1. With a Cα-only, solvent-free Debye model of the chain, what are the log10 I(q)/I(0) values at q = 0.08, 0.11, 0.14 Å⁻¹?
2. With a ≥ b ≥ c the root eigenvalues of the C-alpha gyration tensor of the range 7-77, is it rounded (a/c under 1.5), prolate (a/b larger than b/c) or oblate?
3. Between Val69 and Lys26, how high is the FRET efficiency from 1/(1 + (r/R0)^6) when r is the Cβ-Cβ distance and R₀ = 22 Å? Nearest 0.05.
4. Label Lys159 and Lys62 with points 7 Å out from Cα along Cα→Cβ: what is the distance between them in nm?
5. Taking the alpha-carbon distance from Lys88 and a cut-off under 20 Å, which aspartates and glutamates remain once sequence neighbours fewer than 8 residues away in the same chain are dropped?
6. Can you tally the lysine pairs in the range 89-165 where the Cα-Cα distance is under 17 Å and the two residues are eight or more apart, or on different chains?
7. For the pair Phe77 and Thr123, how long in nm is the line joining their label points, each one 7 Å along Cα→Cβ?
8. Could you give each residue of the range 142-151 its phi-based ³J(HN,Hα) in whole Hz, using Karplus coefficients 6.51, -1.76, 1.60 with θ = phi - 60°, and x for Gly or Pro?
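Only the coordinates and a few stated rules stand behind these numbers; no lab work does. Keep in mind it's a predicted model, so treat the numbers as computed, not measured. Virtual Cβ from ideal backbone geometry, glycine too; neighbours counted across all protein chains shown.
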Amino acid sequence: MTALPTADSRFRGNDTLSALDHEAQKIVAKYDEKRAAVLPLLHLAQDTIGYVTPEAMEWTAKWSEVPVVHVREVVTFYSMYHQKPVGKHHIRFCTGTSCVLRGCESQLNYLKKKLKIENGDVTPDGKFSLEEAECLCNCEGAPMMQVDKDYHVDLTEKKTDEILDGLK
Ligand code: FES
C-alpha cells in the first residue's frame, strides 16, 4: 500500500490528490447522494495538503459530482477550511463577546507577542499560524482557543505557554 503524503509535505500538485482517490471512493460510497460527501472530501484534502487549493476544490467537485462553484461556496462559507497555507499547528483564538468580557484581549496580545505574529500570519518556521475567530461555542470556558482540533479553555499566560511549548 502506498503511504499517503502528509500535510507536512505541503505538496500541492495533482499527484497528491490522485493518491487520495482510493480514500475518496470509500468516502463517497458511504452516502446515498454523492453531494453529501463534499465536507469530508474537503477535510481529507485539507488534512493532506494543508489547505484547500483550487485543485482540491476541483477534485472534490469531481468526486461529489457537484459544480466546482458550489464547492467554492462551501469553502468560503466555513471558516474551518483554509484557502491559504497555515502553520503546522493552526490556532483559532476566540474574540467573541463572552471571551472579550473574560479578558481575551490580554491573552491574545500575550500569544501574539510570544509567537511574534499577527492575525492571519504564519511563524517564519511554519510551526504556528493564528486566526482570530468569532465565538467558537465554548463560552463557559472563556477565554479560549482552538489549536488544531483541540479546545483549550480558561486561558492564562502560563497555560498558553504550556500548550504551545508542549507541541512539536
Ligand atoms: S465567545 Fe468565545 S467561545 Fe463563545
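1. Here the Debye-derived log intensity ratios amount to -0.28, -0.52, -0.79.
2. oblate
3. Plugging the Cβ-Cβ distance into 1/(1 + (r/R0)^6) gives 0.25.
4. About 4.5 nm, to one decimal.
5. List returned: Asp8, Asp47, Glu118, Asp121, Asp125, Glu131, Glu132, Asp148, Asp150, Asp161, Glu162, Asp165.
6. Qualifying lysine pairs in the range 89-165: 11.
7. Placing both labels 7 Å along Cα→Cβ, they lie 3.5 nm apart.
8. Coupling constants for the range 142-151: 4, x, 9, 8, 10, 10, 6, 9, 9, 8 Hz.
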